Amino acid sequence: MLLLWCLKMLAAHLLTDFALQPNSWVLGRNTYHFRSRHIYYHIIITVLMASLFDGFSHWTVPLVIGISHYCIDLWKSYRPRKMMYFAIDQSLHILVILLMGVLLYPPDMAIFKSLQMALTKESYWAIALAVIFLAHPSGIIIGMLTTRWREQLADTSNSLADAGKWIGILERLIIFVLVVFNQYAAIGLLTAAKSILRFSESKNAQERSEYVLIGTMISIAFALVTGLIIKTFLPVSF
């Protein structure tokens, strides 16, 4: 029960913190802090999703998650947009969820003896969590990791709006599915197909190609590692 609850709440967190939080809300929060209406919109959605995924079983869940989420996000709004603060922010959110799970569903010694059975029952929630992670949080992390190279590109106006974002999401999800189904050869074909991308008409063609290659390699690594974790630690048979 503890594992299932934690997986549900982690899925709710990833949805509310990434998929259901527009960039304009993040910008408003970082600019106006507690005076921004966007941070309160975000907290309302966070509380509603926490209640929904909890099944409205505990009134303390939305209360604690709402208050803690507000405090953590408000603290982060005063910090520069760096990977370190992003990692601290997400770690604190996850820690709150895990601590609440332990308090609500205290584990006993039997849980360690039947861990594999428990994971089997919760495998589908784990897959859902992996898909949500690959679709949104991983893209933001990749963006942060490649910021210094992206800033070196003089002209980015020729790119389609959000095209790279959706290419990355689809790429990671496809690779994840291929890993789960043991179709590793197809991953090579997908990577080769993406290598068709060229910037021959751009004056900084080499820099753009290197930037795309770096982002692609990180994206593929995220999808591969996530898929292997699901296959290794969760006895899922397809």
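Output yes when any residue across the range 16-37 is surrounded by 13 or more Cβ atoms within 10 Å (Cβ to Cβ) and on the phi > 0 side of the Ramachandran plot, and no when none is.
yes
Mind checking which helices (runs of 4 or more DSSP H) fall wholly inside the range 31-122 and carry at least 3 residues that are among the hydrophobic types (A, V, I, L, M, F, W, C), at pLDDT below 95 and closer than 30 Å to T146 by Cα?
Values: elements: 37-54, 60-77, 83-104, 110-113, 115-121.
Result: 83-104.
Looking for something closer than 22 Å to D17 by Cα, in a helix (DSSP H, G or I) and at pLDDT 80 or above - is there at least one such residue anywhere in the range 201-215?
No.
Taking the residues in the range 124-155 that are surrounded by fewer than 17 Cβ atoms within 10 Å (Cβ to Cβ) and of a type in the set (S, T, Y) as candidates, determine which candidate is modelled with the lowest pLDDT.
Checked the range 124-155; the qualifying residue modelled with the lowest pLDDT is Y124.
Being polar (S, T, N, Q), farther than 13 Å from W5 by Cα and surrounded by 13 or more Cβ atoms within 10 Å (Cβ to Cβ): is that true of S51 here?
Here the answer is no, as S51 does not meet what is asked.
Do we have any residue at all in the range 86-109 that's surrounded by 18 or more Cβ atoms within 10 Å (Cβ to Cβ), farther than 18 Å from L3 by Cβ and of a type in the set (V, I, T)?
No.
The values are calculated or read from the model by the stated rules, or taken from the named source; none is laboratory data. What you see is a predicted model; the values in this text were computed from it and never measured. All Cβ positions, even for glycine, are placed from backbone atoms using ideal geometry, and neighbour counts span all protein chains on display.
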